[in-house]
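Data block below; observations after.
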């Protein structure tokens, strides 16, 4: 199975995300395009674009970047509730046609400021049941004609999406990535997603989750191709192991200083997520797990993929990522800051080792 190497474009109104360079035009089309083109030049397949109320609209940003690149594949994070299935299926299929099949999709069901765009919060069971129905209906709209569906959350009557997504080999539509560690989220992943994304847990935790998701898919009667697995993690790479750890500790010291003044306080909604709590709990096991999984950033405001870091030389980090690959991980979404600098550093130093 081929490996996928993606980066991350935070898509933030405020500059300085996770220690990024603070520049006046950090989210301008010119700046974002420079990141996307650098990704093409340094061996990356594309990038995940973050989503959430209070950020620029992710689909609009992805469309603009796709129009200014030739191979860059946007992994577009979207939320059921912000989108309705037929609207999204049509928009994504159109962009997929215009880009000759470059669209990737990341379905997000975590908490957000839903009321701001007219959605209702709902409890966890409600949100994931809706997500499951959303994915099933979008797949049908991409692959069938005259679709009629009247479900608990969505309805369409005699709906045909035109144009269709690009069909190439086994690809019938854009690949659907999904994340989440709760029991409700894992049921959606096991039955409906194409790729389950994990955050940076130790190897034993990732192995346990892969085995559980495979069993769950069998128990629930998965109807699609086998579920694939991905890792979304911060990778701090330097020329030497010693320099990498010195820089990692210096970054954490700055985070700790920000935390003490209140400027580094993490998003409370993110901290409520089961997957996020799993990462935060790792600190009790030690500051460094496996060979070089650094848990300390989570103590001082690191959230999501910034909670744990793989730290070391390119050879150190490549060795660790190959161990995840041996467990069944084939999709890697990596990043570090400053984002633009690290696109080239890790593209030139780390990716060749992983492809070898």
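Read-outs throughout are calculated quantities, based only on the coordinates presented, and are distinct from any laboratory measurement. Computed from a prediction, not measured in an experiment: that's the story for all the values here. So basically every Cβ, Gly included, is an ideal-geometry build from the backbone, and we count neighbours across all protein chains shown.
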What fraction, in whole percent, of alpha-carbon pairs in region 182-332 exceed 20 Å separation?
-> 52
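Remind me, relative contact order of region 174-244 in percent, using alpha carbon pairs under 8 angstrom and six or more residues apart? Can you show the working numbers first?
Values: 81 pairs, mean separation 24.8, N = 71.
It comes to 35 percent, rounded to a whole number.
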Which order do 70, 307 fall in if you start with the one that has the fewest other Cβ atoms within 10 Å?
-> 70, 307
Row for region 145-254, column shape: gyration tensor on C-alpha, a ≥ b ≥ c, rounded if a/c < 1.5 i.e. under 1.5, prolate if a/b over b/c, else oblate; value prolate
The chain: angle of helix 241-261 to the longest principal axis, Cα-based, in degrees nearest 10 | 80
Stick to Cα atoms and the Kirkwood definition of Rh, then tell me Rg/Rh for the chain.
-> 0.95
Sorted by average packing, counted as other Cβ atoms within 10 angstrom per residue and highest first, what order do 174-180, 345-351 take?
-> 174-180, 345-351
What is the order of 83, 44, fewest Cβ neighbours within 10 Å to most?
-> 83, 44
Whole-Å distance, taken between Cα centres, linking region 71-124 and region 218-261 | 24
Descending packing, highest mean Cβ count within 10 Å first, for 131-137, 221-227 is 131-137, 221-227
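Arranged by the count of other C-beta atoms within 10 angstrom, fewest first, what order do 315, 192 take? Intermediate results must be reported in sequence, preceding the final value.
Details: 315 14, 192 24.
Ascending Cβ contact count within 10 Å gives the list 315, 192.
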Rounded to the angstrom and largest first, Cα extents along the principal axes for region 44-125 equal 40, 24, 20
Once you have all Cα-Cα distances for region 1-147, histogram them in 10 Å bins from zero and send the whole-percent values.
-> 10, 37, 35, 16, 2
State the Kirkwood hydrodynamic radius of region 85-147 in Å, one decimal place, computed from all pairs of distinct Cα atoms.
-> 13.2
Take region 81-222, drop everything but the C-alpha atoms, weight them equally and run the Debye formula without solvent; then report log10 I(q)/I(0) at 0.09, 0.12 Å⁻¹ to two decimals.
-> -0.30, -0.53
Restricting to Cα pairs under 8 Å and 6 or more apart, the percent relative contact order of region 91-223 works out to 26
Could you grab the relative contact order for region 279-350? Cα pairs under 8 Å, six or more apart, rounded to a whole percent.
-> 22
For 141-153, 289-301, 331-343, ranked highest to lowest by mean beta-carbon neighbours within 10 Å, the order is 331-343, 289-301, 141-153
Under the rule of -39500 (n - 2.57) per DSSP H run of 4 or more residues, summed and divided by the residues of the chain, what mean residue ellipticity at 222 nm is obtained, to the nearest 500 deg cm²/dmol?
-> -13000 deg cm²/dmol
